[in-house]
Amino acid sequence: HQWSDVRKSYHSLIHRAREIYGFNCWEASATLFYRWQALHRAAFGVVRNNETYAIQENWIRSGLAHFVLAWEGYYEIDRMLAGALWIVYQNCAYYASGPSLEPNVQHAVIWESLEQFKKQGITLVEMGQIDWATQKEQNIGHFKQGFGGETKAFQIVRRIV
């Protein structure tokens, strides 16, 4: 990734957020994971059970996943605003979830993630499927495409019982 690949309108959003908010990359403490879980539930409601969060925490502790968190205030325990959870496998990172309570913070969370992956030598970052069926999916697709890269078609196979 390169800064020049990022959509121009994202540049000021990322700069502004980096000046205002604190970011935590990769720290896998119980407190921070609890904050991730609370942030996710505040943004999306109770869409996952506790077992799913326990699995995510185990992935993070074992190095199979990373998260980046953004907060407002002086310390990580202050108001958590946004985050991104990434699954990491064979030198690739896959965007799993991105809750945000404030507009325009997630741009910087993704950028911080990309910066950390670059430092770690991650060679591929997959932002995930882009659907265009609903307005929400169109907005998500537009957001993801703003970080550059290329769009590739792939086939989804579902097992029907």
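The values are calculated or read from the model by the stated rules, or taken from the named source; none is laboratory data. Note that the structure is predicted; figures quoted are calculated from it, not measured. Just the protein is used for accessible areas: all its heavy atoms, side chains included, with ligands, DNA and RNA removed. Shrake-Rupley method; radii C 1.70, N 1.55, O 1.52, S 1.80 Å.
Summary value for the chain: 25 percent relative contact order, contacts being C-alpha pairs under 8 angstrom separated by 6+ residues.
Surface composition of region 1-120: carbon and sulfur atoms hold 50% of the protein heavy-atom accessible area at a 1.4 Å probe.
Annotation: extensible slack from Q155 through H15 equals 46.8 nm (criterion: 0.36 nm per residue apart, minus Cα-Cα distance). Along its three principal directions, the equivalent ellipsoid of the chain from the Cα gyration tensor extends over semi-axes of 22, 21, 17 Å, largest first. How much accessible area per residue does region 37-146 have, in Å², with a 1.4 Å probe? Here the residues of region 37-146 average 53 Å² of exposed surface. Just V125, V109, V47 to compare: in a GNM of the chain, with alpha carbon springs under 10 Å, which one fluctuates most? Of V125, V109, V47, the Gaussian network model singles out V47 as fluctuating most. Here's the list of lysines a cross-link from K8 could span, going by alpha-carbon distance under 18 Å and ignoring same-chain residues fewer than 8 apart: K144. Given their separation in residues at 0.36 nm each and the Cα-Cα distance between them, V47 and W132 gain 28.4 nm when the chain is fully extended. Only protein heavy atoms count here; on that basis, with a 1.4 Å probe, H142 has an accessible area of about 100 Å². When the scattering of region 93-145 is computed by the Debye formula from its Cα atoms alone, each counted once and equally, what is log10 I(q)/I(0) at q = 0.14, 0.19, 0.27, 0.31 Å⁻¹? Values, matching the q order: -0.41, -0.72, -1.19, -1.30.
Taking 0.36 nm per residue of sequence separation and subtracting the Cα-Cα distance, how much length would be gained by fully extending the chain between C25 and K8, in nm to one decimal? Working shown, then result.
Numbers: separation 17, 0.36 × 17 = 6.12 nm, distance 2.44 nm.
Going from the current span to full extension adds 3.7 nm.
Of the DSSP beta bridges with both residues in region 33-161, give the percent that are antiparallel, rounding to the nearest 5. Of those bridges, close to 80 percent are antiparallel.
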